[in-house]
1. How far is it, in nm, from the label point at R66 to the one at L42 when both lie 7 Å from their Cα along the line to the Cβ?
2. With helices defined as uninterrupted DSSP H runs, which ones in the chain have an alpha carbon span along their own long axis of at least 30 Å and mean Kyte-Doolittle hydropathy of at least -1.0?
3. Give the label of the value calculated from the structure for Kirkwood radius over Cα pairs in Å, choosing from [x] 17.7; [y] 14.6; [z] 13.3.
Amino acid sequence: MLKVRSRLINFRVTEDEFQQLKAAAAVQGCRCMSEFARMMMLKTVSDGGNRGPEELDTQMTSLSRRLATLESDVARLTENLMAAGLPANGD
């Protein structure tokens, strides 16, 4: 049985923020912005909801390191392809 949703949470966003949220909602397959906002807010709460700046900083540092490794690997692969006389861009 579905619970009746009787409480309302309202907040304003800029046009750019709205477009970002709209795109993210579409990627998640949500039918509407309300569904997406509810899902993301409840997920944040169930995940602990209190990630501090230190944890986010650690995640960003890890992501940055992984991106740098990926860029290095792609550059090395491109060099190897060019040294072998193969097109590096898929031509």
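1. 2.7 nm
2. 53-83
3. Correct label is [x].
Only the coordinates and a few stated rules stand behind these numbers; no lab work does. Model, not experiment: these values are computed from the prediction. With ideal geometry, Cβ positions are generated from the backbone for all residues, glycine too; neighbour counts draw on all protein chains shown.
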